[in-house]
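Just below is one structure, and these are the notes that go with it.
The values are calculated or read from the model by the stated rules, or taken from the named source; none is laboratory data. This is a predicted model, so every value here is computed, not measured. Every residue, glycine among them, receives a Cβ derived from its backbone with ideal geometry; neighbour counts consider all protein chains shown.
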Amino acid sequence: MQKKPPTDAFLQCDGCKKTLFRNDFEQNLRVCPNCGKHHRLSARTRIEWTFDEGSFVEMDENLHSVDPLAFPDYAEKYGQAQAKTSEKDSMICGTAKLQGKTVAIAVSDFSFMGGSMGAVAGEKVARTLERAAEMGVPAIVFCASGGARMQEGLLSLMQMAKTTATVERCREAGVPYIAVFTDPTMAGVLASYASVADVILAEPKAMVGFAGLRVSKQAGVGKVPDDFQMAEYGVAHGMIDRIVHRKELPAVLTLLVETMGAGK
């Protein structure tokens, strides 16, 4: 009697809803071969698949929130997110190599409280940009966030100003800053450090916007285009420089680093 394959050998695409072989899906970098849907990645998986093998050196890994406002249930939810992801917060940063060239990187993890930007995430982005300026190497930030972390109130919102101001450190040092929009890049993150990069790339069909689509419709803006708040819409209107397939990102980032004359 022929054995049935294990149930975890298959999964359903979030986009086209077709059933996929898990092994094929993983080998295709979690991109659906049917519809091209780029499924979300953990920060560490993205680092592993983008940068030179074994080159990532994590920094500031012990930073974590202290629940500054004693917001109801925040400590519990924060602890649950840490247990679920085995991360201290929603952003991982450090240095890595891209085809042998050193870069300073920060990578957001949407699975940690929706990649929300609190004081820790903002501080890590700021330190990444400052580190790039001090080392004279490019800064690369992967964005994946629903926006500011409401449980930290104004301390979260002030990260928008802090991270945006820190971008100027890279400009003064003459090092490039590249942002990569992944699904989703929204709200306070989009309205701060994400949108002021020298070059902005995005994965196909990544959701990109400030207010959510439902909120936009409630505002009475009328009928919106079918690709509204997608990366493709951003490219068409000059907000994003280029859409890049996940498998092409390492090569495109390397070309940018080499062309912009930075990296050690």
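What the table below lists for this structure:
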| item | result |
| --- | --- |
| Selection count where residues are among the basic types (Lys, Arg) and touching a Phe, Trp or Tyr at 6+ places or on another chain (Cβ under 9 Å), scope the range 163-207 | 1 |
| Subset of the range 178-214 [in a loop (DSSP other than H, G, I, E, B), over 15 Å from residue 164 (Cβ atoms), of a type in the set (D, E, K, R) and over 11 Å from the mean Cα position of the chain (by Cα)] | 205 |
| Verdict on residue 142 being among the aromatic types (Phe, Trp, Tyr), touching a strand residue (DSSP E or B) at 6+ places or on another chain (Cβ under 8 Å) and surrounded by 24 or more Cβ atoms within 10 Å (Cβ to Cβ) | yes |
| Filter pass, residue 113 being within 15 Å of the chain's Cα centre (by Cα) and closer than 14 Å to residue 166 by Cβ | no |
| Condition check for residue 97: assigned to a strand (DSSP E or B), basic (Lys, Arg) and surrounded by fewer than 21 Cβ atoms within 10 Å (Cβ to Cβ) | yes |
| Matching residues in the range 179-235 - criterion: being modelled with pLDDT of 85 or more and of a type in the set (Ser, Thr, Tyr) | 182, 185, 192, 193, 195 |
| Out of 69, 63, sole residue that is in contact with a Leu (Cβ under 9 Å, 6 or more places away or on another chain), modelled with pLDDT of 90 or more and under 20 Å from residue 118 (Cβ atoms) | 69 |
| Some residue of the range 64-84 being touching a Cys at 6+ places or on another chain (Cβ under 7 Å), surrounded by fewer than 19 Cβ atoms within 10 Å (Cβ to Cβ) and either over 28 Å from residue 154 (Cβ atoms) or in the same structural domain as residue 107 (by TED's automatic domain parsing) (or both) | no |
| Subset of the range 59-73 [in a loop (DSSP other than H, G, I, E, B) and either within 20 Å of the chain's Cα centre (by Cα) or under 21 Å from residue 126 (Cβ atoms) (or both)] | 60, 61, 62, 63, 64, 65, 66, 67, 68, 69 |
| Residue list for the range 118-157, restricted to those being more than 17 Å from residue 91 (Cα to Cα), in a helix (DSSP H, G or I) and either in contact (Cβ under 8 Å) with a residue 12 or more places away in the chain or not hydrophobic (A, V, I, L, M, F, W, C) (or both) | 133, 134, 135, 153 |
| Within the range 8-58, tally of residues that are among the hydrophobic types (A, V, I, L, M, F, W, C), farther than 15 Å from residue 107 by Cα and assigned to a loop (DSSP other than H, G, I, E, B) | 5 |
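Here's the yes/no breakdown for (1) assigned by TED's automatic domain parsing to the domain that holds residue 134; (2) within 13 Å of residue 126 (Cα to Cα); (3) surrounded by 23 or more Cβ atoms within 10 Å (Cβ to Cβ):
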{"position": "155", "(1), (2), (3)": "yes, no, no"}
{"position": "169", "(1), (2), (3)": "yes, yes, no"}
{"position": "174", "(1), (2), (3)": "yes, no, no"}
{"position": "178", "(1), (2), (3)": "yes, no, no"}
{"position": "184", "(1), (2), (3)": "yes, no, yes"}
{"position": "191", "(1), (2), (3)": "yes, no, no"}
{"position": "196", "(1), (2), (3)": "yes, no, no"}
{"position": "201", "(1), (2), (3)": "yes, no, yes"}
{"position": "205", "(1), (2), (3)": "yes, no, no"}
